[in-house]
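Participant: Mind having a look at this structure? Questions to follow.
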Amino acid sequence: MSLLLTGGAVFLNGRFVNMDLAIDQGRIVSVSSLQDGASVIELHNCLIVPGFVDVHVHLREPGFSYKETIFSGTKAAAAGGYTAVCAMPNLKPVPDSAENLKPQLDLIRKTANVRVYPYGAITKGERGETLADLADMAADVAGFSDDGRGVQSREMMRAAMEAAKALDKPIVAHSEDESLLAKGWMIHDGDFARRNGFIGNDPESEWRQVERDIQLVRETGCQYHVCHISTKETVELIRKAKAEGLPVTCETGPHYLVMCDEDLQDDGRFKMNPPIRSASDRDALVAGLLDGTVDCIATDHAPHSAEEKSRGLAASFNGIVGLETAFPILYTNLVQTGIVPLEVILNALCVNPRRIFRLPGGSLEEGQIADLTVLDLNRPHVIDPTTFKSLGRATPFAGWGVSAAIAMTVCGGEIVHHDLKTQEAFL
């Protein structure tokens, strides 16, 4: 497909430039070299940015396709402006060997709508007992993770880091010391939980394991990425590790940046792990985003069935969906309010994930792959989960008013999602 995107402002070298963008044979080309007969798309008052990357999603297939499929999850990703996602390994079979990874790779090749980079498990079956076949999987994965469970054994994590270092792959850690968790926890262990009689999740369960792992990074030199950080102590630990020059990076989620535990309702759509924490934790995460401590914003998109999310905070499964709400929520609540510059959000969604995981794209310069997202910053609407492409519907943002939308997503030069005001623009 040959396309000429005209009238938009292009995010180039950290700033917006009014220019036309030409795409041919899956790459960005000069306007002068565009083939005759290209489709011309008018994008007045829109922004054109590199396609978003989410380094933390659960596509649930193979093994749990009643929750989500690679097809539905990547349709949701495209609708959210994502041209690439990294898929977590809590699947059936768990991708802990080349043999067990193959079914997922086959499904990705056949059904994905955007680029999917899977993670391999750190340990066999994600049970934390025996190291997975990391070398066998290394060529086909973005890194190694036991997401959903922290690696409890220091010795096992050291062995994993040493192996990952030798393979030049990152360890992508769900950090959680299970010995510090109260049985049956529901939400963050704070004033709100105590006032309302909820069993709390101690923030120390997160930051203590991050502290342990940073010491192991000092000893092994392994590239280490911390998943979905949620506490102010974790932010400070990572800030100090970066100042020390250690290869440590991290992500947080939109819900941790714009909500705190005082916003919770006794509804499964507010149940996730780690939980939404205190206002001081939220503010520390925002500060970390502003000063570069927090590298990426990742949704931890984790769909479940309606029944699994119908049991309130006490018994609903952990996990919310986030691919289709991330940018509108971030723009409306952080950028429009003057808290975070748009360029910082874009770096966390477009640039830093590619740098950390060495993924293609990220620049809208001639010769680069044509993975891009078109943003309409003047599209007021209310978040309605019934319209989601994802099979999951549980989001704490249901009913929130937002002011921006994804107008179009292009992956490999192909339009994989569009919500332009007039279809006639490119038909």
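Participant: Modelled label-to-label distance, residue 25 and residue 140, 7 Å Cα→beta-carbon offset: nm?
Facilitator: 3.0
Participant: Using a Gaussian network model of the chain whose springs link C-alpha atoms within less than 10 Å, name the residue from 77, 173, 138 with the highest mean-square fluctuation.
Facilitator: 138
Participant: Return one whole number: the accessible area per residue of the chain in Å², for a 1.4 Å probe.
Facilitator: Details: 15890 Å² over 427 residues.
With all protein chains present, the chain gives 37 Å² per residue.
Participant: Report the antiparallel proportion of the DSSP beta bridges in the chain as a percent, rounded to a multiple of 5.
Facilitator: Working: 28 of 56 bridges.
So the antiparallel bridges in the chain amount to around 50 percent.
Participant: Report the percentage of all Cα-Cα pairs in the range 235-312 whose separation exceeds 15 Å, rounded to a whole percent.
Facilitator: It works out to 60 percent of all Cα pairs.
Participant: Calculate what fraction, in whole %, of the accessible area of the chain sits on carbon and sulfur atoms when a 1.4 Å probe is rolled over the protein chains.
Facilitator: Working: 7800 of 15890 Å².
C and S atoms contribute 49 percent here.
Participant: Which of the lysines could be linked to residue 110 by a straight reach, that is with a Cα gap under 23 Å, when you skip same-chain ones fewer than 8 residues away?
Facilitator: By straight Cα distance, residue 110 reaches 67, 75, 92, 102, 389.
Participant: Now a separate question. Mind checking the angle between helix 232-243 and the chain's longest principal axis? C-alpha axes, 0 to 90 degrees, to the nearest 10.
Facilitator: That works out to roughly 70 degrees.
Participant: For residue 315 and residue 240, what does the FRET efficiency come to when R0 = 41 Å and r is the distance between their Cβ atoms, rounded to the nearest 0.05?
Facilitator: Calculated value: 0.60.
Participant: Obtain the nm distance between the two label points defined at residue 368 and residue 211 by a simple spin-label model: each point lies 7 Å from its Cα along the Cα-to-C-beta direction.
Facilitator: With each label point 7 Å from Cα toward Cβ, the separation is 4.1 nm.
Participant: Any chance you could give the angle, 0 to 90 degrees and rounded to 10, that helix 279-291 forms with the longest Cα principal axis of the chain?
Facilitator: 50
Participant: When 1/r is averaged over all different Cα pairs and the result inverted, which Kirkwood radius in Å belongs to the range 310-419? The partial results should precede the final answer.
Facilitator: Values: mean 1/r = 0.0633 Å⁻¹.
One over the average 1/r among Cα pairs gives 15.8 Å for the range 310-419.
Participant: Pull out the extension gain between residue 414 and residue 387, defined as 0.36 nm times the separation in residues minus the alpha carbon to alpha carbon distance; nm, one decimal. All intermediate terms of the calculation are to be shown ahead of the outcome.
Facilitator: Values: separation 27, 0.36 × 27 = 9.72 nm, distance 2.28 nm.
Gain in length upon complete extension: 7.4 nm.
Participant: How many times 2.2 N^0.38 Å is the alpha carbon radius of gyration of the range 213-263? Could you put the intermediate results ahead of the total?
Facilitator: Working: Rg = 12.5 Å, N = 51, 2.2 N^0.38 = 9.8 Å.
Taking the Cα Rg and dividing by 2.2 N^0.38 Å, one obtains 1.28.
Participant: Here's another thing I want to ask about it. Any idea which of 48, 346, 298 is furthest toward the positive side of the dipole for the chain, if Lys and Arg beta-carbons carry +1 and Asp and Glu beta-carbons -1?
Facilitator: Most positive-ward Cα: 298.
Participant: State, to one decimal in nm, how far the label point of residue 196 lies from the label point of residue 105, with both points 7 Å from Cα in the Cβ direction.
Facilitator: Calculated label separation equals 4.6 nm.
Participant: If a paramagnetic tag sat 7 Å from the Cα of residue 265 along the Cα-Cβ line, which residues of the range 305-340 would have the backbone N under 14 Å from that point?
Facilitator: Within reach of a label on residue 265: 310-313.
Participant: Now for a different question. Given a cut-off of 30 Å, what percent of all Cα-Cα pairs of the chain lie beyond it?
Facilitator: Working: 36054 of 90951 pairs.
Roughly 40 percent, rounded to a whole number.
Participant: For residue 378 and residue 280, what is the calculated FRET efficiency with R₀ set at 41 Å and r taken between the beta-carbons, to the nearest 0.05?
Facilitator: 0.75
Participant: Suppose R0 equals 45 Å. What FRET efficiency, 1/(1 + (r/R0)^6) with r the Cβ-Cβ distance, do residue 204 and residue 17 give to the nearest 0.05?
Facilitator: Here the calculated transfer efficiency is 0.45.
Participant: Right, something else. At 4 °C and a viscosity of 1.567 mPa s, what translational diffusion coefficient does Stokes-Einstein give for the range 1-117, taking Rh as the Kirkwood radius over Cα pairs? Give it in µm²/s as a whole number.
Facilitator: In µm²/s, the coefficient rounds to 80.
Participant: Right, here's the next one. Among 110, 169, 271, which one shows the biggest mean-square fluctuation in a GNM of the chain, springs joining Cα atoms closer than 10 Å?
Facilitator: 110
The values are calculated or read from the model by the stated rules, or taken from the named source; none is laboratory data. Note that the structure is predicted; figures quoted are calculated from it, not measured. Every residue, glycine among them, receives a Cβ derived from its backbone with ideal geometry; neighbour counts consider all protein chains shown. What goes into the accessible areas is simple: the full protein's heavy atoms, side chains included, and nothing from ligands, DNA or RNA. Shrake-Rupley method; radii C 1.70, N 1.55, O 1.52, S 1.80 Å.
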